[in-house]
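Here's the structure, in structure tokens; my notes come after.
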Amino acid sequence: MAHIEVLYGKQPERTIQLDTDRLVIGRGVGAHVVLKHDTVSRVHCEIIQRHGQHYVRDLMSTNQLQRGDETVPAALLRNGDKVAVGAFFIRYRTADAPGWTESAAPAAKQHWPGLGDEPERKEVEGVQVASELNEGAEDGVAEKYKSTSLANPKQLARIRKKVSAEQGAHIKVKMGREMHTVALARLPFKVGCGDGHNLTLPGKPLLGRTAFEITKEGDSYLIERGSFWISLRAGGKTVRKSRWLDDGDWIRTRGFSFRFWEGA
């Protein structure tokens, strides 16, 4: 059976069978597949089956459907096609796709109720599925069904990058007027001025280039002061050499404030 894979940052893909002629995707409570993000309209799009083929159609969503660099109001789906729905990606797979067997299909029902099952909603890491049909998802969707978060393709790409970063260990820091989310993808993670740092701070210090670095031992994260000449506080305490980081700890140095998060 043909199916779609819901991709959200680094989270494992979620598989949903296309066992109905019409599958509504959106942020609202009436969609079959609910994607919880402000970039997704309440009824964003639908996947319909016609003459043995599947099509995706935009339902007057605010951020529309993106396939590659194109905005598509509707499109025939082919195996492997990937369509952006706000911060999410939907990838279409046919029943004869490599690695897909009919015996694997019921595994998806461990995460979502089937469309013919009880109408209880079950959330799985930002994705929900419900059995009730959103009757407002026809042509001429009312304004109340639209999302209020309008973003252009470049902004959506930044949002997806931020989502991916926030799902793992990361730090947040405000530079200028913008808040940056930086994934701690490679450890040790060094923060300081000049070349050789994972995150470069503005300025040219006379003494001490590296402000701090974050490492990991086992399941715990450790922050180390980069230089004797630099003042560093983490979790409300002065760091003279190193200390363990707790989820949500503030890190302050060189006039910057960072927030450490272990991620989802």
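Give the relative contact order (percent, whole number) for the range 1-101; include only Cα pairs under 8 Å separated by 6+ residues.
Dividing the mean separation by the residue count of the range 1-101 yields 25 percent.
Which pairs in the list LYS162/LYS216; LYS204/LYS241; LYS216/LYS241; LYS10/LYS162; LYS161/LYS216; LYS82/LYS161 are over 20 Å apart, alpha-carbon to alpha-carbon?
LYS162/LYS216; LYS204/LYS241; LYS161/LYS216
Which ³J(HN,Hα) values, rounded to whole Hz and listed in residue order, are derived for the range 52-68 from phi using the Karplus coefficients 6.51, -1.76 and 1.60 in 6.51 cos²θ - 1.76 cosθ + 1.60 with θ = phi - 60°, glycine and proline given as x?
x, 10, 10, 10, 10, 9, 6, 10, 6, 6, 5, 9, 6, 9, 10, 10, x
What percent do you get for the relative contact order of the range 203-253 when only Cα pairs under 8 Å and 6+ apart count?
For the range 203-253, the relative contact order is 31 percent.
Just subtract the alpha-carbon distance of GLN53 and SER242 from 0.36 nm times their residue separation and send over the number in nm, one decimal.
62.1 nm
Note down the magnitude of the dipole of the range 171-214 about its Cα centre, charges +1 on Lys and Arg C-beta and -1 on Asp and Glu C-beta and zero elsewhere, to the nearest 20 debye.
Charge dipole of the range 171-214: 80 debye, to the nearest 20.
Each value in this text was obtained by applying a stated rule to the coordinates, not by laboratory testing. Everything numeric in this text was worked out from a predicted model, so none of it was measured. Because the Cβ atoms are built from the backbone with ideal geometry, glycine has one as well, and the counts that use them run over all protein chains shown.
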